[in-house]
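Heads up, the thing below is written out as structure tokens.
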């Protein structure tokens with residue numbers, strides 16, 4: 001990654017940790033996933049990123065498919081694409097997912113995100129925040145976006161990888177019952 005991409009990626013991670021959707025979409029624009037002139041507020045509104053998510057374990061499979069199709073169509077309408085750097089990041093997340101499933105299924109995902117975020121904020125925060133143009137006094141971990149993305153009640157404080165696997169299995173079963181593979 002060049003310097004601009006590295007800073008944008010740091011903003012993407014910081015935005016995710018703080019549940020700052022605007023910062024995340026802006027970072028995706030800087031990474032080339034969306035055109036630089038994208039109306040960020042319109043994307044947030046159109047994709048419904050300004051409200052709570054849908055619990056995929058209770059949603060109707062057909063409705064979920066329609067919603068995903070609608071989102072993909074909107075993103076393509078905005079000129080979305082998957083830059084190589086983001087694809088490699090997703091590939092690494094898939095690898096990490098498999099490793100955690102085998103080696104640490106009782107890992108508390110929320111505790112790990114918090115611990116890693118705090119480590120970087122305390123150890124490298126001043127430099128990282130300066131590089132991305134962020135006020136360190138405004139840093140506060142907010143896992144609401146993470147919880148929303150998997151359809152969890154916002155009051156949930158502990159969520160293990162095993163819990164995630166159970167939710168995935170439930171969703172898979174619901175799709176199979178509807179004949180959707």
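Regarding region 60-68, can at least one residue be identified that is at pLDDT below 90 and either more than 22 Å from residue 168 (Cβ to Cβ) or under 16 Å from the mean Cα position of the chain (by Cα) (or both)?
Looking through region 60-68, at least one residue is at pLDDT below 90 and either more than 22 Å from residue 168 (Cβ to Cβ) or under 16 Å from the mean Cα position of the chain (by Cα) (or both).
What's the number of the condition residue 69 fails, among (1) outside any loop (DSSP other than H, G, I, E, B); (2) surrounded by 11 or more Cβ atoms within 10 Å (Cβ to Cβ)?
In the conditions (1) outside any loop (DSSP other than H, G, I, E, B); (2) surrounded by 11 or more Cβ atoms within 10 Å (Cβ to Cβ), residue 69 misses (2) alone.
For region 78-85, check the following and say yes or no: at least one residue is assigned to a helix (DSSP H, G or I), farther than 23 Å from residue 33 by Cβ and in contact (Cβ under 8 Å) with a residue 24 or more places away in the chain.
no
Quickly run through region 30-51 and pick out the residues that are assigned to a helix (DSSP H, G or I) and within 28 Å of residue 112 (Cβ to Cβ).
30, 44
Can you find a residue that is more than 16 Å from the chain's Cα centre (by Cα), outside any helix (DSSP H, G or I) and surrounded by 12 or more Cβ atoms within 10 Å (Cβ to Cβ) anywhere in region 109-128?
Taking every residue of region 109-128 in turn, none turns out to be more than 16 Å from the chain's Cα centre (by Cα), outside any helix (DSSP H, G or I) and surrounded by 12 or more Cβ atoms within 10 Å (Cβ to Cβ).
The values are calculated or read from the model by the stated rules, or taken from the named source; none is laboratory data. What you are looking at is a predicted structure, and each value in this text was computed from that prediction instead of being measured. With ideal geometry, Cβ positions are generated from the backbone for all residues, glycine too; neighbour counts draw on all protein chains shown.
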